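Written below as structure tokens is the structure these notes are about.
The values are calculated or read from the model by the stated rules, or taken from the named source; none is laboratory data. Quick caveat: nothing in here was measured; it's all calculated off a predicted structure. All Cβ positions, glycine included, derive from the backbone under ideal geometry; neighbour counts span all protein chains shown.
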């Protein structure tokens, strides 16, 4: 699986060496509230989660979960990923940061780069975003990334209806061109 980068961060495929970091991230208050408790109660359980849940998708599809590493100091600050869920026609983008790194633009930067890679490198035609109704910060970020809310969805074994967002490759490419060449600028 390839690594990616932006101006301020590296996106490295998550592996078992990230177990301690994944333990802390998956036990952060916002993770537990909005993503859910995955019963990651030790570094060893985090390592097994990586080997049993994250690595198989990476090996099967060539994309999945990436650890976000800040270039300035090489600190692991969060994760971003494209997650293929059984029975869904498109992978969904997910992101989470340790609390002290939120509201600094890192999630947007990492997720934007991964969406570009999804379309340009991984050959995807559609990318979803799924968020709980109460997670306003994630909804705002999905809108900023160019995804549009299309309805609701219920994941298997879930009781809550979640908001479903999506972007299609042609729409995303148009959005990117508009960012690069805003209206009113003549060349």
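Are any residues in segment 103-133 under 20 Å from residue 69 (Cβ atoms), over 14 Å from the mean Cα position of the chain (by Cα) and touching a residue at least 40 places away in the same chain (Cβ under 8 Å), and if so, which ones?
If the condition is that a residue be under 20 Å from residue 69 (Cβ atoms), over 14 Å from the mean Cα position of the chain (by Cα) and touching a residue at least 40 places away in the same chain (Cβ under 8 Å), then 121 is the only one that fits.
Among the residues of segment 15-49, count how many are within 21 Å of residue 105 (Cβ to Cβ) and crowded, with 20+ Cβ neighbours inside 10 Å.
Here the count works out to 3.
Out of everything in segment 65-80 that is buried (at least 16 other Cβ atoms within 10 Å of the Cβ) and free of Cβ contacts under 8 Å to residues at least 60 places away in the same chain, what residue ends up being farthest from the chain's Cα centre (by Cα)?
76
May I ask you to list the residues in segment 57-81 that are more than 12 Å from residue 14 (Cβ to Cβ) and either in contact with a helix residue (DSSP H, G or I) (Cβ under 9 Å, 6 or more places away or on another chain) or not in a loop (DSSP other than H, G, I, E, B) (or both)?
Residues satisfying the conditions are 59, 60, 61, 70, 75, 77.
Out of all the residues in segment 1-45, which are assigned to a loop (DSSP other than H, G, I, E, B), farther than 30 Å from residue 120 by Cα and touching a strand residue (DSSP E or B) at 6+ places or on another chain (Cβ under 9 Å)?
If the condition is that a residue be assigned to a loop (DSSP other than H, G, I, E, B), farther than 30 Å from residue 120 by Cα and touching a strand residue (DSSP E or B) at 6+ places or on another chain (Cβ under 9 Å), then 28 is the only one that fits.
Return the pairs, sorted by first residue and then second, in which the second residue is in a loop (DSSP other than H, G, I, E, B) and surrounded by 13 or more Cβ atoms within 10 Å (Cβ to Cβ), the first residue lies in segment 154-165 and is in contact (Cβ under 8 Å) with a residue 12 or more places away in the chain, the beta carbons are less than 8 Å apart, and the residues are 6+ apart or on different chains.
Matching pairs, first to second residue: 155/85; 160/132; 162/132; 162/155; 163/132; 165/147.
Only one of these is under 17 Å from the mean Cα position of the chain (by Cα) and without any contact (Cβ under 8 Å) to a residue 24 or more places away in the chain: 53, 85. Name it.
53
Run residue 89 past the list (1) at pLDDT 95 or above; (2) within 21 Å of residue 170 (Cα to Cα); (3) exposed (fewer than 13 other Cβ atoms within 10 Å of the Cβ) and report the number of the one that doesn't hold.
Going through the list (1) at pLDDT 95 or above; (2) within 21 Å of residue 170 (Cα to Cα); (3) exposed (fewer than 13 other Cβ atoms within 10 Å of the Cβ), residue 89 breaks only (1).
Considering only segment 127-139, state which residues are touching a helix residue (DSSP H, G or I) at 6+ places or on another chain (Cβ under 7 Å) and within 19 Å of residue 168 (Cβ to Cβ).
127, 129, 131, listed by residue number.
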